[in-house]
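> Next up is a structure, given as structure tokens.
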Amino acid sequence: MDYLKCNVDATVFASVGKVRAGGVIRDHEGKALFVCQISFNYVPDAAITEAISFREVLSWLKMKALHNIIFESDSLVLVQAIHGSSEDLSYFGSLVFDYKVLHRELFNCFVVFARRLANCVAHLLATSAISYPDLKDWGPFPPNFVLPIVFEDLQW
């Protein structure tokens, strides 16, 4: 009950050279507290795309000074890398390192793998139209297009 849950997902819009990340923070009852979309330039690697998305959502969260967060991602490669202890000098490895640095600044947080079915709101945010600015923060009021899924999740 003392934890928040943050779902994160990413989608590539290669035709316009952009990536969209979606993030939703919920309380222990499943109520959406903060919702965001973040856009950045296209990267032709799925693992790097997920890692950048995750880092950007973490940076957004850091500005909100939230703690006690369980992060859920449907990128098993990213979650395994975050929990791994080997040093990776690749670009992907530097993004994982960025997470570990940000993680120390967000007290009492950890990352778990979640199947896509458990990550629906973040996925919908990531796959929605690319017409918003680079960062769209709805605060505690999710956009209308995700409300049915937010309410459906609360039924469980």
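The values are calculated or read from the model by the stated rules, or taken from the named source; none is laboratory data. If you're wondering where the values come from, they're calculated on a predicted model, not measured in any experiment. No Cβ is skipped: glycine too gets one built from the backbone with ideal geometry, and neighbour counts run over all protein chains shown.
> Looking only at residues that are outside any helix (DSSP H, G or I) and polar (S, T, N, Q) in region 107-129, which one is nearest to the chain's Cα centre (by Cα)? Break it down stepwise before answering.
To start, the set of residues in region 107-129 that are outside any helix (DSSP H, G or I) comprises 107-115, 128-129.
Filter once more, so that each one left must be polar (S, T, N, Q): 108, 128.
On the way: Asn108: 17, Ser128: 15 Å.
Checked region 107-129; the qualifying residue nearest to the chain's Cα centre (by Cα) is Ser128.
> Could we say that Pro148 is more than 16 Å from Cys6 (Cβ to Cβ) and either part of a loop (DSSP other than H, G, I, E, B) or of a type in the set (Phe, Trp, Tyr) (or both) here?
No; evaluated as a whole, the condition is false for this residue.
> Looking at region 48-63, is at least one residue buried (at least 16 other Cβ atoms within 10 Å of the Cβ) and among the small types (Gly, Ala, Ser)?
Yes, because at least one residue in region 48-63 is buried (at least 16 other Cβ atoms within 10 Å of the Cβ) and among the small types (Gly, Ala, Ser).
> For region 14-26, check the following and say yes or no: at least one residue is touching a strand residue (DSSP E or B) at 6+ places or on another chain (Cβ under 8 Å) and hydroxyl-bearing (Ser, Thr, Tyr).
no
> From (1) of a type in the set (D, E, K, R); (2) under 22 Å from Ala118 (Cβ atoms); (3) over 12 Å from the mean Cα position of the chain (by Cα); (4) part of a helix (DSSP H, G or I), pick out the condition that doesn't hold for Glu56.
(3)
> Can you tell me which residue is surrounded by the fewest Cβ atoms within 10 Å (Cβ to Cβ) among those in region 92-107 that are of a type in the set (D, E, K, R) and over 17 Å from Gln80 (Cβ atoms)?
For region 92-107, the residue satisfying everything is Arg104.
> Could I ask something else about it? Taking Ser94 as the residue in question, decide whether it is part of a helix (DSSP H, G or I) and within 15 Å of the chain's Cα centre (by Cα). Lay out the reasoning, then the answer.
Working: part of a helix (DSSP H, G or I): yes; within 15 Å of the chain's Cα centre (by Cα): no.
Criteria not met by Ser94.
> Is it the case, given these coordinates, that Ser73 is out of contact with any His (no Cβ under 7 Å at 6 or more places or on another chain), surrounded by 13 or more Cβ atoms within 10 Å (Cβ to Cβ), modelled with pLDDT of 85 or more and polar (S, T, N, Q)?
The answer is yes for Ser73.
> Test Leu102 against the stated conditions and say whether it is of a type in the set (A, V, I, L, M, F, W, C) and under 15 Å from Val8 (Cα atoms). Walk me through how you get there before you give the answer.
Details: of a type in the set (A, V, I, L, M, F, W, C): yes; under 15 Å from Val8 (Cα atoms): no.
It is false that Leu102 is of a type in the set (A, V, I, L, M, F, W, C) and under 15 Å from Val8 (Cα atoms).
> Of all residues in region 73-90 being in contact with an Asp or Glu (Cβ under 8 Å, 6 or more places away or on another chain) and assigned to a helix (DSSP H, G or I), which is nearest to Asp9 (Cα to Cα)?
So, considering only residues that are in contact with an Asp or Glu (Cβ under 8 Å, 6 or more places away or on another chain) and assigned to a helix (DSSP H, G or I), the one nearest to Asp9 (Cα to Cα) is Leu78.
> So, Arg104, is that one under 15 Å from the mean Cα position of the chain (by Cα), more than 21 Å from Ser39 (Cβ to Cβ) and not hydrophobic (A, V, I, L, M, F, W, C) or not?
So Arg104 does not fit the description; no.
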